[in-house]
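The values are calculated or read from the model by the stated rules, or taken from the named source; none is laboratory data. Owing to the predicted nature of the structure, the values given are computational and were not obtained by experimental measurement. Methodologically, a virtual Cβ is constructed for each residue, glycine included, from the backbone with ideal geometry; neighbour enumeration extends over all protein chains shown. These accessible areas exclude ligands, DNA and RNA; they are computed on the full protein's heavy atoms, side chains included. Shrake-Rupley method; radii C 1.70, N 1.55, O 1.52, S 1.80 Å.
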Amino acid sequence: YINFDVWNKGNLVVGHEQKIREFMERGGKIVAGIVPTNLSDLQTYFGERGQEIKDLNTVTSNPMVKWSLLEECYRRVGNLVSKLSPSIDLKTILDHLVISPQCGLGGLVPYDRSQAVEYTKMVYEMTQKVAQEMVKLERFA
C-alpha cells in the first residue's frame, strides 16, 4: 500500500504514472487520503471561497458547507483518476484505489472533544460516500 494526501498533494502522481501502473499490476494499492481531517485545510479551502470556518462545528452543522466539501472530495478524486487514466486503464485504477480520510486525525486534537467526535463521524460518512461512488464507476470500466 502507498498512502498519500490527495487533498493537499494530488499532483504527486504526475510524472510517476508508469511506476504507479507497474505497482498496481503487482497488486499494489493506492490509498487516497481525500477527506480533509485538519481544520487549517478546511479554513484555507473555504476561505478561498469567501466562507469563514471558525471551528469544526461550522462544518458539521451546516448542510451546505458539508455538501460543498463532499463535492470537492469527488472533484479531487476525479482529478486523480484523470491524471492516472492516460497511462492506466480505468478498471485497474478502480481495482487498486482505496479511498480514505486525509492522513491522520491529529489536526483535531486541540479542539473541543464533542466537535472532534462529530467531525470524525462526518469524515467517515464522506469517505464512505466517495468510495461508494467509485464502486459505481466500476460498472463502466
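For the range 51-83: of the residues being of a type in the set (Lys, Arg) and open to solvent by less than 70 Å² (accessible area, probe 1.4 Å), which is nearest to residue 123 (Cα to Cα)?
The first filter runs over the range 51-83 and keeps only residues of a type in the set (Lys, Arg), leaving 54, 66, 75-76, 83.
With open to solvent by less than 70 Å² (accessible area, probe 1.4 Å) added as a condition, the list becomes 66, 76, 83.
On the way: 66: 10, 76: 15, 83: 25 Å.
The extreme case among them is 66.
Restricting the first residue to the range 6-31 and requiring it to be at positive phi, which pairs with a second residue that is modelled with pLDDT of 90 or more meet a Cβ separation below 9 Å and a spacing of at least six or different chains?
Qualifying pairs under 9 Å: 27/96.
Picking from 121, 136, 29, 129, which residue would you name as being modelled with pLDDT of 90 or more and charged (D, E, K, R)?
Selected residue: 29, the only one of 121, 136, 29, 129 that is modelled with pLDDT of 90 or more and charged (D, E, K, R).
For the range 9-26, indicate whether the set of residues that are under 26 Å from residue 115 (Cα atoms), open to solvent by 20 Å² or more (accessible area, probe 1.4 Å) and among the acidic types (Asp, Glu) is non-empty.
Within the range 9-26, none of the residues are under 26 Å from residue 115 (Cα atoms), open to solvent by 20 Å² or more (accessible area, probe 1.4 Å) and among the acidic types (Asp, Glu).
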